[in-house]
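First up is the structure itself, then whatever we jot down about it.
The values are calculated or read from the model by the stated rules, or taken from the named source; none is laboratory data. Computed from a predicted structure; not experimentally measured. Quick reminder, even Gly has a Cβ in these numbers, built from the backbone with ideal geometry, and neighbours come from all protein chains shown. All accessible areas refer to the heavy atoms of the entire protein, side chains included, with ligands and DNA or RNA removed. Shrake-Rupley method; radii C 1.70, N 1.55, O 1.52, S 1.80 Å.
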Amino acid sequence: MKYSIKHLILLMLALVFTLPIVILFLLSFSQKWVFPKLLPEKLTLENWIIILGDGHVISNSFVISLSIALFVAASATILGFILSRYIAYHPKRRLLTFLTYFPFALSPVIFAICLKYYFIKLGLIGNLYGIVLAQLIIALPYSIIFFLSFWNQKVLDYQNLVYTLGGKQKQAFLYITLPLAKSFLIICFFQCFLISWFEYGLTSIIGYGKISTLTIHVFQFINEANIFYAALSCCLLILPPVILLWFNKRFIIQQKG
Amino acid sequence: MFKPFNKTFNFSILLLFTLLPLLAGLGYAIAYSFGLVGVLNKGFTLENWKILFSTSEVYISVLYTSWLAFASLSICIFISLAVVLAFPTKFKSGIFSYLVYMPLAFPSIVAAFFFFQFLSNAGILARLCYQLGIISQISDFPNLVNDSYHIGIISTQTFLSLPFFILLYASLYQAEKLEDYQKLAYALGASKKQTIFKISIPILLKRSLPSIIIYFIFKLGSYEVPLLLGKSSPETISVLAVRKLQKFNLLDIPQGYAVAVIYAFLVLILLFIAFKKSKHQYEV
């Protein structure tokens, strides 16, 4: 009896984790879903062919979102890696960590409305540069906080050993620090990619409706009650993270542990 | 030559990308709310704050947002603790070690869309109830999205937070050597119930408290989910602030900034508590 209840709980848990993806994919292949039919009636590849076709707004916004996310992730990871070292060995580490945490903890959409004035003055509203900068402002604190756990006594000891043995700063960085930080860099890149990829509120305010990322399109389709295109856009939003999560699972478990 | 760890360079970048935007953004919001800057403002005034606090809108919004965060986190922590204590090693390897990550691939807006399709009157749950003969028409199904009990928002927030807490408790279970404590408790004559409620749960909750507070802060700032699944009134802090700032009534803008200041102050206090509770250096 106990055994079957445990199995039932696991089955429910598996359903909770997988059902959303299955449903969204089913809807993305559908064009008709009238109540009370449980499943969509007409399954077709037509939506995907139309939307992924050359020049369609969705395929364009997919490329825009991907470019923004890759650039933000790369910049935030590199800068975060450098700045976290500065904070980690700083006498005021706790204060600087707190100050770094604050922008990360703030709601991006509220942070965006507070910064909007400056973005207008700098001519960064409604263009790609503005969105990249705004997303970098929220991704960088995350990256810094993430790398703080990397800069421990062990890493410092290894670096000092290189200097003691006559090695230079560049050599210590290239042959000791970077190899040790490899998995951290991969995970951080991935997490920053997700922060940018998932962003809606901040992008809608700084983008001012002129830059259409995938999340903006999902919202538009939902507002238009176009559930099939919304589901398809959702699938496009989910696919890269699912692939990356699958690929990086091992690293993430290590990090969380 | 470019030195990646040059102190001046590091401090300048830190200032430029994290501290300056924070100070500039909040400074502008505070100045606007007190009438010091802005199109219609004419100098220092407390009028905007008085107007804001003269109605119950902002009080209700803060309470409502806190309640949503509290409810979704409580449910999430309850489920995560139950699952991890029942299956402590299930998420280390095998299919569940992959499946548990699935909700992490969902942006809030996608999760909100799915739960709308799942819980609405014409959604999957309603269709299932119809097929099972529980309801006979759409209107028989209760409102579970944009509803008075906020079921849609709470379900979505719980779904989004669940993997984080399951993984957190699974890793704490190993790190805190809970299995050893449990064996010791059994050897000393404790029952299974006593072991769970007097040893395992208190240790897990105590160790996860700073993470819970940080997650609570994140939930306070949630925007997309309440925007799509919430009612027009009450509104969460983020939705209220954005509505006041983005609508065409210019007289509402200072109050919108005042709401943003209240929210930032709330986050600051909670963050301070989280840092105080954390004995270790704070990390993600």
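Between A:Leu214, A:Leu236, A:Leu185, A:Leu232, which is at pLDDT 90 or above and closer than 27 Å to A:Tyr118 by Cα?
That would be A:Leu214, the only listed residue that is at pLDDT 90 or above and closer than 27 Å to A:Tyr118 by Cα.
For the stretch A:160-257, which fully contained helices (runs of 4 or more DSSP H) count at least 1 residues that are among the β-branched types (Val, Ile, Thr)?
Once the helices (runs of 4 or more DSSP H) in the stretch A:160-257 are filtered for at least 1 residues that are among the β-branched types (Val, Ile, Thr), what remains is A:178-198, A:201-207, A:214-223, A:227-256.
Where in the stretch B:114-187 are there helices (runs of 4 or more DSSP H), lying fully within it, with 3 or more residues that are more than 10 Å from chain A (Cβ to nearest Cβ)?
B:151-175, B:178-187
Among the helices (runs of 4 or more DSSP H) contained in the stretch B:215-284, which hold 2 or more residues that are more than 30 Å from B:Phe115 (Cα to Cα)?
B:253-277
Sort out which residues of the stretch B:88-113 are over 15 Å from B:Leu162 (Cα atoms) and within 7 Å of chain A (Cβ to nearest Cβ), and write them in order of number.
Residues satisfying the conditions are B:Ile109, B:Val110, B:Phe113.
Taking B:Gln137, is it touching a Leu at 6+ places or on another chain (Cβ under 9 Å) and not charged (D, E, K, R)?
Criteria not met by B:Gln137.
Residue check, A:Tyr86 against (1) open to solvent by 30 Å² or more (accessible area, probe 1.4 Å); (2) closer than 21 Å to B:Ile273 by Cα; (3) at the interface with another protein chain (Cβ under 7 Å from one of its Cβ atoms), all met but one. Which one?
A:Tyr86 satisfies every listed condition except (2).
Within the group B:Val58, B:Val39, which residue is assigned to a helix (DSSP H, G or I), touching a residue at least 60 places away in the same chain (Cβ under 8 Å) and β-branched (Val, Ile, Thr)?
B:Val58
Can you work out which of the residues in the stretch B:206-224 that are among the aliphatic types (A, V, I, L, M) and in contact (Cβ under 8 Å) with a residue 60 or more places away in the chain is farthest from B:Ala175 (Cα to Cα)?
Only one residue fits best here, namely B:Leu220.
So if I check each of A:Ile120, A:Ile110, which one is over 16 Å from A:Ser196 (Cβ atoms) and open to solvent by 10 Å² or more (accessible area, probe 1.4 Å)?
A:Ile120
Conditions (1) part of a helix (DSSP H, G or I); (2) open to solvent by 50 Å² or more (accessible area, probe 1.4 Å); (3) of a type in the set (D, E, K, R); (4) more than 10 Å from chain B (Cβ to nearest Cβ), marked per residue:
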site	(1), (2), (3), (4)
A:Ser4	yes, yes, no, yes
A:His7	yes, yes, no, yes
A:Leu11	yes, yes, no, yes
A:Pro20	yes, no, no, no
A:Phe25	yes, yes, no, yes
A:Lys32	no, yes, yes, yes
A:Lys37	no, yes, yes, no
A:Asn47	yes, no, no, yes
